[in-house]
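Heads up, the thing below is written out as structure tokens.
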Amino acid sequence: MSLKEPAPQRVFITGASSGIGAALARHYAARGAVLGLAARRSEALTALAAELPAACYCYPLDVADGAALAAAGADFIKRAGLPDIVIANAGISLGTLTEEAEDLPAFARVLHTNVLGMVHTFHPFVAAMKQARHGRLVGIASVAGIRGLPGAGAYCASKAATISYLESLRIELRSSGVGVTTIAPGYIATPMTAQNTYPMPFLLSAGEAARRIVRHIDRGVSYAVLPWQMAVVARFLRLLPNALFDRLFAHAGRKQRNLPL
């Protein structure tokens, strides 16, 4: 009697057209997974899908559009089945200053994309995953969510919110059979960080970051910072008194303002 081959994994990824999202898509495609790929840039998404050695369903959309993600989720379930893993990776980063009126729309856009976009990503799948008592929700946060950095108020606030949101979700889904993993990367070489003009210690390539993220997902961890050196830095920063932290970071490098949304 021959053993039945295990079914391929089904993985749904947002922000899949470049950076960490594209690297994750390549990693899972090499495993033979069936992929649902969502991103704003339709041409880049189609080009990525064409190079992957796996079945792909592409969804050009903005994660800020909850209705579009709900439709994409329903379509993926209908065509490929309930995903085993959903990775909310889409995000944007802009330098912002509270006193600048022209930056207020940027604050709204960053928070809507990075926080509500994660909620929109998970929403189409949670109820069905709970019913199946199977699956894992993965949110890509950032070490920038651990302490606020000058000139990055919107981004830091959004990532702090995602860390707390994912923790709440993890507790809500405890004993449901659905796992929740928070990934907080440090500096990763992506188009987003390519705009930075300041030093980025412990910089990882997107491919290496994807490899480590998948390893954490496979292990079912609840929270991971990568690389490990940045995890040490993050723990240290949490312990710093405010007065010392403020003095150390008052003149830290800042992200450029008013980059395209």
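The values are calculated or read from the model by the stated rules, or taken from the named source; none is laboratory data. Because the structure is predicted, anything quoted here is derived from the model rather than measured. We place every Cβ from the backbone using ideal geometry, glycine too, and count neighbours over all the protein chains shown.
Examine the range 130-140 for a residue that is in contact with a Leu (Cβ under 9 Å, 6 or more places away or on another chain), aliphatic (A, V, I, L, M) and surrounded by fewer than 17 Cβ atoms within 10 Å (Cβ to Cβ), and state whether such a residue exists. Looking for residues that are in contact with a Leu (Cβ under 9 Å, 6 or more places away or on another chain), aliphatic (A, V, I, L, M) and surrounded by fewer than 17 Cβ atoms within 10 Å (Cβ to Cβ), one finds at least one in the range 130-140, hence yes. Taken over the range 8-22, residues that are outside any helix (DSSP H, G or I) and either free of Cβ contacts under 8 Å to residues at least 40 places away in the same chain or not polar (S, T, N, Q) (or both) amount to 8.
Every residue, every condition in (1) more than 17 Å from residue 136 (Cβ to Cβ); (2) in contact with a Gly (Cβ under 6 Å, 6 or more places away or on another chain); (3) aromatic (Phe, Trp, Tyr), yes or no:
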residue	(1), (2), (3)
11	no, no, no
15	yes, yes, no
33	no, no, no
57	yes, yes, yes
77	no, no, no
89	no, yes, no
92	yes, no, no
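Would you confirm whether or not the range 156-175 contains a residue that is part of a helix (DSSP H, G or I) and basic (Lys, Arg)? Checking the range 156-175: at least one residue is part of a helix (DSSP H, G or I) and basic (Lys, Arg).
Restricting to the range 202-231, name every residue that is among the hydrophobic types (A, V, I, L, M, F, W, C) and either part of a strand (DSSP E or B) or touching a Cys at 6+ places or on another chain (Cβ under 8 Å) (or both). Walk me through how you get there before you give the answer.
Narrowing the range 202-231 to residues among the hydrophobic types (A, V, I, L, M, F, W, C): 202-204, 206, 209-210, 213-214, 217, 221, 224-226, 228, 230-231.
Residues satisfying the conditions are 204, 224, 225, 226.
Per-residue answers, yes or no, for (1) over 24 Å from residue 227 (Cβ atoms); (2) out of contact with any strand residue (DSSP E or B) (no Cβ under 6 Å at 6 or more places or on another chain); (3) of a type in the set (A, V, I, L, M, F, W, C):
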position: 113; (1), (2), (3): yes, yes, no
position: 117; (1), (2), (3): yes, yes, no
position: 120; (1), (2), (3): yes, yes, no
position: 125; (1), (2), (3): yes, no, yes
position: 133; (1), (2), (3): yes, yes, no
position: 146; (1), (2), (3): no, yes, yes
position: 175; (1), (2), (3): yes, yes, no
position: 181; (1), (2), (3): no, no, no
position: 191; (1), (2), (3): no, yes, no
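Conditions (1) at pLDDT 95 or above; (2) within 19 Å of residue 115 (Cα to Cα); (3) touching a strand residue (DSSP E or B) at 6+ places or on another chain (Cβ under 9 Å), marked per residue:
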{"residue": "10", "(1), (2), (3)": "yes, no, yes"}
{"residue": "14", "(1), (2), (3)": "yes, yes, yes"}
{"residue": "59", "(1), (2), (3)": "yes, no, yes"}
{"residue": "67", "(1), (2), (3)": "yes, yes, no"}
{"residue": "76", "(1), (2), (3)": "yes, no, yes"}
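When residue 191 is tested against the conditions (1) in a loop (DSSP other than H, G, I, E, B); (2) more than 17 Å from the chain's Cα centre (by Cα), the lone failure is (2). Quick one: in the range 136-155, which of the residues that are more than 17 Å from the chain's Cα centre (by Cα) and outside any helix (DSSP H, G or I) is nearest to residue 169 (Cα to Cα)? Step by step, filter the range 136-155, then rank; the result is 147.
Only one of the numbered conditions (1) touching a residue at least 60 places away in the same chain (Cβ under 8 Å); (2) more than 29 Å from residue 100 (Cα to Cα); (3) assigned to a helix (DSSP H, G or I) is violated by residue 237, and that is (2). Could we say that residue 37 is at pLDDT 95 or above, in contact with a helix residue (DSSP H, G or I) (Cβ under 7 Å, 6 or more places away or on another chain) and not hydroxyl-bearing (Ser, Thr, Tyr) here? Yes, satisfied.
Flag not set for residue 23, criterion: of a type outside the set (Lys, Arg) and more than 19 Å from the chain's Cα centre (by Cα).
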